[in-house]
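The values are calculated or read from the model by the stated rules, or taken from the named source; none is laboratory data. In this text the structure is predicted, and so the values were computed from the model without any measurement. Glycine also receives a Cβ, built like all others from the backbone with ideal geometry; neighbour counts cover every protein chain displayed.
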Amino acid sequence: MDANRNDDRWEALADGTRRAIVACLADGPQAVGQLAAGLPVSRSAVSQHLKVLKDAGLVEDVAAGTRRIYRLNPVALAALRDQLDTYWQRALAGYANAAEARPRGDLMTQTEAATIRKKIVVDTPIEHAFTVFTDRFGDFKPPEHNLLGAPIAETVFEPRVGGHIVDRAVDGSECRWARILAFEPPDRVVFSWDISPQWTIETDQAQTSEVEVRFYAESPTRTRVELEHRHIDRHGPGWEAVADGVDGPQGWPLYLDRYAALLQGGR
């Protein structure tokens, strides 16, 4: 296996639109026009993405009259699968060794307990899924989740690293309860959770946790959204209450259900 060649392939697949193109080609060979018809990008953009995929060896093209038909290169995909299989086998072996080394009855470490993971699949393109999650965060955030002394008028997700998630009340007061740590549309956003176990704003950043939300294009019109709330034990004594709260029915499951309903409503 050519590791350097695989590096080029993984880099090519780091882009969400190129992954969507690969998903389309998995259904069979297609021309540029066919691909563009099912994607929220122009024909010229599709052609540029295809060139990157072809240079990486992931797709091949053949002439069909005046058109060129693109198809996946099964040899390249098999090489990526083999590389993943190697990592998978090593990970399984490492997990087995670690499990054997743990005392019986202590199979869940504090790190595992301090990480909450949720996921949902929505029938919308990846770009729209990302935009609604960030631009419309206040539309699916439950209004009763409020640290202010007055009802919330709006919640703003500032779309930049260094920005905040801000609740603004009807009386003009504000609550900045999260900091934007990464903003990489349409694939990933990371923000802090600056709320203490006492449900007050935590000013010590060393005692805050992180929420990462990743978006994966399963097809041109279907997106998997994965949320990971990690390092909850950084909140110190009482962190278990935070973990239970965000993991419970009024936590991230409620947010994701309301987010999915917002998308389903076509808004």
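Quick notes
- Among the conditions (1) exposed (fewer than 15 other Cβ atoms within 10 Å of the Cβ); (2) modelled with pLDDT of 90 or more; (3) polar (S, T, N, Q), T131 misses just one, which is (1).
- Exclusive hit being outside any strand (DSSP E or B) and either under 23 Å from D247 (Cα atoms) or in contact (Cβ under 8 Å) with a residue 24 or more places away in the chain (or both), set F191, F130: F130
- The residues of segment 58-83 that are assigned to a helix (DSSP H, G or I) and either in contact (Cβ under 8 Å) with a residue 12 or more places away in the chain or not small (G, A, S) (or both), listed by number, are P74, V75, A76, L77, A79, L80, R81, D82, Q83.
- Some residue of segment 162-181 being under 26 Å from H231 (Cα atoms), in the same structural domain as S219 (by TED's automatic domain parsing) and either modelled with pLDDT under 95 or within 15 Å of the chain's Cα centre (by Cα) (or both): yes
- Of everything in segment 221-267 that is buried (at least 18 other Cβ atoms within 10 Å of the Cβ), among the aliphatic types (A, V, I, L, M) and within 19 Å of P197 (Cβ to Cβ), the residue that is farthest from the chain's Cα centre (by Cα) is V242.
- Test: residue in segment 48-64 that is closer than 24 Å to F215 by Cβ, polar (S, T, N, Q) and in contact with a helix residue (DSSP H, G or I) (Cβ under 9 Å, 6 or more places away or on another chain): no
- Within segment 8-34, considering residues that are farther than 13 Å from K51 by Cβ and aliphatic (A, V, I, L, M), the one farthest from the chain's Cα centre (by Cα): A31
- Restricted to segment 202-220, and to residues there that are under 16 Å from F133 (Cβ atoms) and among the β-branched types (V, I, T), the residue that is surrounded by the fewest Cβ atoms within 10 Å (Cβ to Cβ) is V211.
- With respect to (1) in contact with a Lys or Arg (Cβ under 7 Å, 6 or more places away or on another chain); (2) touching a residue at least 60 places away in the same chain (Cβ under 8 Å), the lone exception for P220 is condition (1).
- Looking across segment 212-242, the residues that are under 27 Å from P185 (Cα atoms) and among the hydrophobic types (A, V, I, L, M, F, W, C) come down to V213, F215, A217, V225, L227, I232.
- Evaluated against (1) surrounded by 15 or more Cβ atoms within 10 Å (Cβ to Cβ); (2) more than 17 Å from E218 (Cβ to Cβ), E11 falls short on exactly one condition, (1).
- Total residues in segment 14-57, condition in a loop (DSSP other than H, G, I, E, B) and surrounded by fewer than 17 Cβ atoms within 10 Å (Cβ to Cβ): 8
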